[in-house]
Amino acid sequence: MIIGCPKEIKPQEFRVGITPNAAGEAVAHGHKVVIETEAGTGAGFPDADYIAAGAEIRGTAAEIFKTAEMIVKVKEPQANERKMLRHGQLLFTYLHLAPDPDQTRDLLASGCTAIAYETVTGANGALPLLAPMSEVAGRLAPQVGAWTLQKANGGRGVLMGGVPGVGPARVVVIGGGVVGTHAARIAAGMGADVTVLDRSLPRLRYLDDVFGRDFKNSYASAGNTIDLVRDADMVIGAVLVPGAAAPKLINRAQLAEMKPGAAIVDVAIDQGGCFETSRATTHQDPVYDVDGIMHYCVANMPGAVARTATIALGNATMPFMLALADKGWKQACADDPRLLAGLNVHAGQLTYYAVGQALGIDVLSPTLAIK
């Protein structure tokens, strides 16, 4: 199979879909790998590294899309990229379709087959291709939130760990999954007073057993959530419904009850965000003010630490990429229900129920798509 990797064009996105190591593995499996020139530069991988791994370098994204049978990316294809997709071509990347009707319509119109990293499943409902970026984003969230809290950036001017005689910042993390756990660990390590909210009692028990000395946890009832958010200096939104739009947990009226200059970091912004006032921002212009509350809603947070994030993502995606290339996508999905769960679009039809429900589009069963 010819596997292509274009350079990411989303603003301030420095990651790359295929590492030189993954390219070398694919070549060893007998596949041809074509990489757009300088695609890996932002993550610290020059063209020479890909050439040494046996890949070929092409000058433009158009050449990649024209040549490749499978396109491997990081972020969802942008409007110009979607125009280059074609019928029968396989796209393997993050998609986040539920809050993005324009992208969904374009992918359906292209006739391509699209497998989304974020809905590929693992054991016990885990999301193995989302987890590495959730870990990165979770660990980044307190870091960028602390920056947002600085007075020069519009924040309250509160130091995360406080100093002797002055208490630490109060941080509330909504959601105790992968993002929330990593966010809480880092915030607690910075010295903040941290509480994690979740609706799963088994998850709260786990957090208490493992991290009880590091941070607190509490049940995410509506009243309890608002009480804690009202007193917080920073709120991190870390709630995910796989493949679906994120639930809106805090409305604008409730937001107005927070302390002036408090910071919210919406890690769920890729799925539409979990605050009513959230809208996607970029690394270049990451923060905006609504009713005196500073919002950090960058839609590709891991892109800020591109090398770490690229290697972590490549480690997770490589086995699935090789399976798709070695067997063809239909056989690979038939052999692995986890990979089949990633199928979102095929030949003009939507194949993921949560996206169809969010956008009001009829859905074809993925099991029918592979027959």
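A short reminder: the numbers here are calculations on the coordinates, not readings from a lab. Only a predicted model underlies this, so the values are computations on that prediction, with no experimental measurement involved. Positions of Cβ are backbone-derived with ideal geometry, glycine not excepted, and every protein chain shown enters the neighbour counts.
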Practice task
Kindly put Arg105, Arg338, Arg86 in sequence by how many other C-beta atoms sit within 10 Å of each C-beta, fewest to most.
Solution key: Arg86, Arg105, Arg338
Completion exercise
On the formula 1/(1 + (r/R0)^6), with r taken between the Cβ atoms of Ile2 and Leu368 and R0 of 25 Å, the FRET efficiency rounded to 0.05 is 0.35
Practice task
Return the percentage of antiparallel bridges among DSSP beta bridges fully within the chain, rounded to the nearest 5 %.
Solution key: 20 percent
Handout entry: Using θ = phi - 60° and Karplus 6.51 cos²θ - 1.76 cosθ + 1.60, couplings along segment 342-355 (whole Hz; Gly, Pro as x)
Key = x, 5, 10, 9, 8, 6, x, 10, 7, 10, 10, 4, 4, 5
Handout entry: Options Thr317, Gly328, Ala299, ranked by Cα towards positive dipole end of segment 279-345, top entry (Cβ charges)
Key = Gly328
Fill in the blank from the handout: Cα-based Rg/(2.2 N^0.38 Å) for the chain, rounded to two decimals, is 1.01
Problem - Inter-probe distance in nm under a simple model that places probes 7 Å from Cα toward Cβ, at Ile361 and Ala52 - result: 4.2 nm
Handout entry: Scattering profile of segment 241-336 at q = 0.15 Å⁻¹ [log10 I(q)/I(0), Debye over alpha-carbon scatterers]
Key = -0.73
Exercise for the section: Using the structure shown, select from Lys10/Lys75; Lys151/Lys259; Lys7/Lys75; Lys216/Lys248 the pairs with a Cα to Cα distance greater than 19 angstrom. Expected result: Lys216/Lys248
Exercise for the section: Have a look at segment 131-299 and give its Rg and Dmax from the Cα atoms, expressed in angstrom. Expected result: 14.3, 46
Exercise for the section: Straight distance only, please: which lysines reach the Cα of Lys32 with their own Cα at less than 17 Å, same-chain residues fewer than 8 apart left out? Expected result: Lys66, Lys73, Lys327
Fill in the blank from the handout: Dipole check, segment 131-299, charges on Cβ (K,R +1; D,E -1), about Cα centroid: among His283, Gly157, Ile269 the Cα furthest to the positive pole belongs to Gly157
Completion exercise
Under the Karplus relation with 6.51, -1.76 and 1.60 and θ = phi - 60°, whole-Hz ³J(HN,Hα) for segment 87-93, x at Gly and Pro, equal 4, x, 6, 9, 10, 10, 5
Practice task
Quote to one decimal, in nm, the extra length available between Ser221 and Ala28 on full extension: 0.36 nm per residue of separation minus the C-alpha distance between them.
Solution key: 64.2 nm
Practice task
Could you list His29, His295 in order of exposure, starting from the residue whose Cβ has the fewest other Cβ atoms within 10 Å?
Solution key: His29, His295
Handout entry: Karplus (6.51, -1.76, 1.60) ³J(HN,Hα), θ = phi - 60°, over segment 194-211, in Hz, Gly and Pro reported as x
Key = 10, 10, 9, 10, 7, 9, 8, 5, x, 5, 5, 5, 4, 4, 5, 5, 8, 10
Exercise for the section: Note the angle between two axes, namely the Cα long axis of helix 101-110 and the longest principal axis of the Cα atoms of the chain, as a number of degrees from 0 to 90, rounded to the nearest 10. Expected result: 10 degrees
Practice task
Rounded to the nearest Å, what's the spacing between the alpha carbon centres of segment 102-157 and segment 176-222? Just the number, please.
Solution key: 19 Å
Problem - Sites Lys83 and Val166, calculated FRET efficiency, Cβ-Cβ separation with R0 41 Å, nearest 0.05 - result: 0.15
Exercise for the section: Any aspartates and glutamates with Cα under 18 Å of the Lys330 Cα? List them, leaving off those in the same chain fewer than 8 positions away. Expected result: Glu69
Handout entry: Sorted by Cβ neighbour density within 10 Å, fewest at the top, the residues Ile269, Ile35
Key = Ile269, Ile35
Completion exercise
The simple spin-label model distance between Gln331 and Ala123, using points 7 Å out along Cα→Cβ, in nm, is 2.7 nm
Completion exercise
Per the rule of 0.36 nm per residue minus the C-alpha distance, extending Lys259 to Val210 adds in nm 14.5 nm
